[in-house]
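Coordinate-derived values only; no laboratory data. All of these numbers come straight from a predicted model, not from anything done at the bench. When we count neighbours, we look across all protein chains shown, and the Cβ atoms used for this are built from the backbone with ideal geometry, even at glycine.
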């Protein structure tokens, strides 16, 4: 969507330009909007904190290890197993989940 007529406080925009590696004002505004969007998604996830209980399998850790793939963190195995078992789609930014997607049926959206 093209919008050229947004009135933004100069002090806020200057601070944003200094805070990040932005070349243009547009880059700074887009980064701020993306951050707000991510924060809203995180709030949705955090509302489940302490409300879910899981007693499940290892998410196929032994299976991906048998393929010669190393998963670096145990928490990734638990998260993948939880999502696989319940059929949840995982929003992530870590390559460790790729093996579970490719070989264990994890449904994921990498951003």
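For segment 66-100, the set of residues classified as within 18 Å of residue 110 (Cα to Cα), free of Cβ contacts under 8 Å to residues at least 24 places away in the same chain and exposed (fewer than 12 other Cβ atoms within 10 Å of the Cβ) consists of 73, 75, 87, 89, 93, 95, listed by residue number. Can you name the residue in segment 59-68 that is assigned to a helix (DSSP H, G or I) and touching a helix residue (DSSP H, G or I) at 6+ places or on another chain (Cβ under 7 Å) and, of all such residues, is farthest from residue 41 (Cα to Cα)? Result: 63. Scanning segment 69-104 for residues that are out of contact with any helix residue (DSSP H, G or I) (no Cβ under 9 Å at 6 or more places or on another chain) and not in a helix (DSSP H, G or I) returns 87, 93, 95.
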